[in-house]
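Inspection log for the structure reproduced underneath, given as structure tokens.
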Amino acid sequence: MSIHSIALVDAGARLAADVEVGAYSIIGAEVEIAAGTHIGPHVVISGPTRIGRDNRIWQFAALGADPQDKKYAGERTELVIGAGNTIREYVTINRGTVEGGGGHPRRRRQLDHGLRAYRARLRGGRSHR
């Protein structure tokens, strides 16, 4: 595991042995990151979030924060990201609301900068296969 000396990783986070975490990134409790994943600098990942194998997350991405939904009242939800995705600069992917239960970008996607998805499975538009 390669964690930059000025990155913050909560003791409750579970990272595979070969995960790389860049400078100034923050990995919160209840975050699970599988093997082969690279987290760039200035990335914030909040839990509960599960990230699959072989993902590349670029700088300033924000993953796993509370849903941006006025009906959200603190219920437990999660974000699950599959394997082989590229999440580019400034992408925000929040947890889902109770109705949907969680966000779930499927595998092998490239999410371009500035993408925001609400209660969505990413299948087109600005996501690329």
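What is the calculated FRET efficiency for A62 to E32, with r their C-beta to C-beta distance and R₀ = 22 Å, to the nearest 0.05?
FRET efficiency, A62 to E32: 0.80.
Amide H to amide H, which residues 5 or more places from V9 or on other chains are under 5 Å from it, using H placed in the peptide plane?
I27
Gain in length, K70 to A11, computed as 0.36 nm per residue apart minus the alpha-carbon separation, to one decimal in nm?
So the chain would gain 18.1 nm between K70 and A11.
Throughout, read-outs are computed from the coordinates displayed, never taken from laboratory work. Predicted model only: the values in this text are computed from it and were never measured. FYI the Cβ positions are ideal-geometry reconstructions off the backbone, even for glycines, and counts take in every protein chain you see.
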